[in-house]
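Following: one structure in structure tokens, then a few remarks.
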Amino acid sequence: MQSVSASFLDSQSPSFVLAAATICAFSAWLIVGLRGQAEIATTSLKRWWLLVIAVVAGIGVWTTHFVAMLGYRTDIVLNYHLETTVISAAAAIIAVGIPLALSTICTQLWMRFVAGAAAGLGIGVMHITGMAALEGCNQSQSIGFNIVACLVGVICMAMACALPRRANPPVVTVSLVVVAVCGTHFLSLAGTVLVGEQVDQLLPGIQGALSVLTATGAAILLLGTFLAMSAAKRFETQETLHTRVLATALRNMSNGILTVSATEVIELYNERLCTMLNLAPGTMTRGMSLTAYLEQTGSANGWDGDRVARVLANHRAWIVKDDETRVEHVFDDGRILSIVCQPIDDGAVLTFDDVTQAREAQREISQLAYQDPLTGLANRRSLVEHMTQASESEQPVTLLLIDLDRFKAVNDTFGHGIGDRLLAGVAERLNEMVGEIGFVARHGGDEMAVLTRVGAEASETLAEHIVAEIEKPYTFDDLTVVIGCSIGVCGTEETSSPADLMQRADIALYEAKRHGRGRAARYTPGMMEAIADRHLLENELRIALAENQFYLAFQPIMALMDDSIVGFEALIRWEHPTRGTVSPATFIPLAEETGLIVSIGRWVLEEACRQAITWPTNQHVAVNVSAVQFRSPMLLAHVTSALAKSGLPAHRLEIELTETALVENGPQLVHTLSSLRQLGIKIAMDDFGTGYSSFAHLRDLPVDRIKIDRSFVASAINDKHSMAVIKAITQMGRDMSIPTLAEGIEDADQLSLVRSFGCDAAQGYLIGRPERAPLSLSHNELTYAA
Ligand code: C2E
Ligand code: MG
Ligand code: MG
């Protein structure tokens, strides 16, 4: 046997170096692809992909080694020990494949680095095991070369595994793996010397077993390739589908969308976002930085550097937060974008929604909710909120509740168009007068309100000023309208809550109206109680009517011609279960206010007629009818029904009306009066001299009796003026052929005085007090001092 040694360059066939490097590169490319699959695989499939990586990587390194060995020292006989060769394949899978596969699932960089380094060291292990399988020659290895070889393997594999996949194109990783595997192999071989039997033939030493093994290695690689390619294809198909679906969704969605990586790189966006942000086409690109994107947005919307910096800082804060952020960004052109930033594993997804119209609608709704559309003033709701705020603050406020007088008449006479313009005109005057010192609102209908912080005195001056200003005429085209107003004034010093304030101002307003309108009244203690009393009384009046608590007292009327009792005046009495007898002077005005007088008056008419029918036929009954009752369209019906029910002839019924009733009822009066008189009913003018006392009334309105008010009779003896009035009325009655009656005769002097003036009849305590049962007395037999 002839021993031969050779230098490294002479001992390696270049074509096999190329073949080995190609196989190695192919394996490395496969590994890169398989790692990608393993990363996206589900947990259950991941372990199978890791196994494939381990096998492909191990077999790839092993095959590279043995293909290279096929072209090594072709000049000497080389045999391979089968078991050791197989062990070397297992070593490649265990020492190279497994660490490499594990590096795929390492999350930390240092872990990937260590796994890669282990795989690199594994290449050396596999090489040494593979070399140990050589038979038929003596080999010596250089420790130095082996160390350098291993170092190259360790460093390159560590780098190939540790470098982030996204940052490195596959070619870098493939190159590093090729350098690691081939570098280890050839550097180690460079320090290896083989001495063996020389042959002339090419590749005489290749055994069948080695061929089978390398063929198996190649088959495994092919299988790996097939697996990787079919998986990649499936993935690609899926990816394409996903991409298409995603692109369609992004294009068609009404929201803008943006995804930003943790490293502040724009990964995804849609065209809608660009439109929303006024970004020109092509301004935005995937991969641009968050800063660049916001700078572009800023310059497209006219933001200055500070604003861009602020917005950038906000975005950074949202991205790192654990939970969702919702904000609204108002652009200079008025648009409002609602932005929701949802953090994800590696960055954040931002969605943009143009809510300008929605916010505008909300604003309009809230404006409608707080503003009166007709006058432009704040509405009741707004007033209540202002009052609530005012009640929470230390500073006292005063509420002026303004009610327009005669507004209804204007509305009814001139129509709602003029009514609306009038309200707007009033609102304008109020705004001008109140200006900065208060808040003006329309409380409802023809009621306005002013809330002011000026003191008690100033607020009363303001109220008087308002009364005076509102009274000034309003001109609409060629129409001039005059109204007035009443004002209730109340300050928070006197109240405990907004509701209380409103209630007391309302009570004060009621008082202002009661005292003749066209004035302001401030709430004073006791008003509330008085109102409460009135309410109570009102309720009790209703009960009284239902439970028959009324009765009639009758006061005799004496003819002065022969001192005979010619009739009785029916005077209502209320026998209250707890209050005792309540005077009509107390409850009649309330009954008039509430309208209850119509029902009460009906009862009086019926009861008076019912009793009068039992009296001598020469006696009449006088029934008082109040102004409100007289105005009621029911009066005629009530009168006729009372007469019909009782059977009393109409001429025995006299109706007493006050001058006020006659004056207030205007044109309707004449009709009612003449209807009553046509029935045969007599009409007396009660309390003459105290009301309007216009003699013109006597001239124009047909009446059958004038009742001279008792105030004149009471003072006549000592007061020449009163005496003159009685005298004048009596004389006038005589001239107009209207009989006169003097009321309130309490003593003989008064009786002889009125008798001397020529009064036709008299009524008073002297003649008889109002009594429940007049017929129990024989009035005709009574005699009076002359
Ligand atoms: P009036 O119609 O003028 O009635 C006369 C009032 O003078 C009665 O008071 C009567 O009691 C009182 N009176 C009679 N003689 C004298 C006297 O000599 N001296 C004094 N100081 N007073 C005398 P009364 O009953 O309290 O009624 C008060 C007013 O209430 C009535 O005034 C009348 O306007 C009204 N009234 C009474 N009953 C009714 C009714 O049924 N319907 C309506 N609408 N009003 C009524
Ligand atoms: Mg009367
Ligand atoms: Mg009277």
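Dipole of the range 385-444, Cα-centred, from +1 at each Lys and Arg C-beta and -1 at each Asp and Glu C-beta, to the nearest 20 debye?
With Lys and Arg at +1 and Asp and Glu at -1, about 340 debye.
Computed in the context of the full set of protein chains, the accessible area of the chain at 1.4 Å probe radius has 58% of its extent on carbon or sulfur.
By its C-alpha gyration tensor, with a ≥ b ≥ c as the square roots of the eigenvalues, how is the range 98-145 shaped: rounded for a/c under 1.5, else prolate for a/b larger than b/c, else oblate? Oblate, since a/c reaches 1.5 and b/c is not below a/b. Residues whose amide H falls under 5 Å from that of I557, counting only those 5 or more places apart or on a different chain, are V566, G567, F568, E569, with hydrogens built in the peptide plane. The alpha-carbon of K720 sits under 26 angstrom from the alpha-carbons of these lysines, leaving out residues fewer than 8 places away in its chain: K707. Counting only alpha carbon atoms, the long axis of helix 43-70 and the longest principal axis of the chain meet at about 20°.
Rolling a 1.4 Å probe over the protein heavy atoms gives the chain an accessible area of 48 Å² per residue.
What shape does the range 254-358 have by the C-alpha gyration tensor, where a ≥ b ≥ c are the square roots of the eigenvalues, rounded means a/c under 1.5, and otherwise prolate means a/b greater than b/c and oblate the rest? It is rounded, given that a/c, with a ≥ b ≥ c, falls under 1.5. Below 16 Å, Cα to Cα, which aspartates and glutamates can K321 reach? Residues fewer than 8 away in the same chain don't count. Here the aspartates and glutamates satisfying the reach criterion relative to K321 are E264, D345, D346. Across the chain, the relative contact order, built from alpha-carbon pairs under 8 Å that are at least six residues apart, equals 7 percent.
Across T107, T225, the residue with the most accessible area heads the list, and the full order at a 1.4 Å probe is T107, T225.
Taking a quarter of the surface of the Cα convex hull of the range 369-434, what do you get in nm²? Numbers along the way, then the final one.
Values: hull surface 20.9 nm².
Its Cα hull, projected and averaged over all orientations, spans 5.2 nm².
Once the Cα atoms are used to define both axes, helix 143-162 deviates from the longest principal axis of the chain by about 20 degrees. Largest first, the three principal axis extents of the alpha carbons in the range 558-597 are 42, 24, 12 Å in whole numbers. As I understand it, the dipole of the range 371-525 uses +1 on the Cβ of Lys and Arg and -1 on the Cβ of Asp and Glu, about the Cα centre. Which of L451, P373, G419 lies farthest toward its positive end? In the range 371-525, that residue is G419. Rounded to the nearest 20 debye, the dipole magnitude of the range 371-525 is 340 debye, with +1 charges on Lys and Arg beta carbons, -1 on Asp and Glu beta carbons, and the Cα centre as origin.
Here is how the number arises for the chain: DSSP H runs of 4 or more residues each give -39500 (n - 2.57), the sum is divided by the residue count, and the result at 222 nm is -18000 deg cm²/dmol. Summing charges over all other residues whose Cβ lies under 13 Å from the Cβ of S496, with Lys and Arg as +1 and Asp and Glu as -1, gives -3. Largest accessible area first, the listed residues Y510, Y72 line up as Y510, Y72 when surface is computed with a 1.4 Å probe on the assembled protein chains. Size descriptor for the range 375-492, Kirkwood hydrodynamic radius: 14.6 Å (Cα pairs only, one decimal).
With the biggest extent put first, the Cα atoms of the range 485-562 measure 65, 34, 19 Å across the principal axes.
Were the residues from Q357 through H671 laid out at 0.36 nm apart, the gain over their Cα-Cα distance would be 106.7 nm. Relative to the Cα centre, the charge distribution of the range 254-358, modelled as +1 at Lys and Arg Cβ and -1 at Asp and Glu Cβ, gives a dipole magnitude of about 120 debye.
Only aspartates and glutamates eight or more places from K727 in sequence, or on another chain, were considered; those with a Cα closer than 16 Å are D687, D709, D719, D735, E743, D749, D760. Distance between the 7 Å Cα→Cβ label points at R514 and E538: 1.1 nm. Ligands, DNA and RNA excluded, the heavy atoms of I59 present near 10 Å² of accessible surface to a 1.4 Å solvent probe. Is the shape of the range 536-780 rounded, prolate or oblate, going by the alpha carbon gyration tensor and its root eigenvalues a ≥ b ≥ c, with a/c under 1.5 for rounded and a/b larger than b/c for prolate? The shape class here is rounded. Size descriptors for the range 276-324, from the alpha-carbon set: Rg then Dmax equal 11.6, 33 Å. Once all protein chains are placed together, H81 keeps about 70 Å² accessible to a 1.4 angstrom probe.
Model label sites at I437 and E364, defined 7 Å from Cα along the beta-carbon direction, differ in position by 3.9 nm. Comparing Cα centroids, the range 60-78 and the range 293-351 end up 62 angstrom apart.
Restricting the calculation to Cα atoms, every distinct pair contributes to the Kirkwood radius of the chain, found to be 38.5 Å. Counting only alpha carbon atoms, the long axis of helix 748-757 and the longest principal axis of the chain meet at about 80°.
The values are calculated or read from the model by the stated rules, or taken from the named source; none is laboratory data. Just so it is clear, the structure is predicted and the values come from calculations on it, not from any experiment. Note that each Cβ is placed from the backbone with ideal geometry, even for glycine, and that neighbours are counted across all protein chains shown. The protein model used for the area step is the full one, side chains on, heavy atoms only, and it has no ligands, DNA or RNA in it. Shrake-Rupley method; radii C 1.70, N 1.55, O 1.52, S 1.80 Å.
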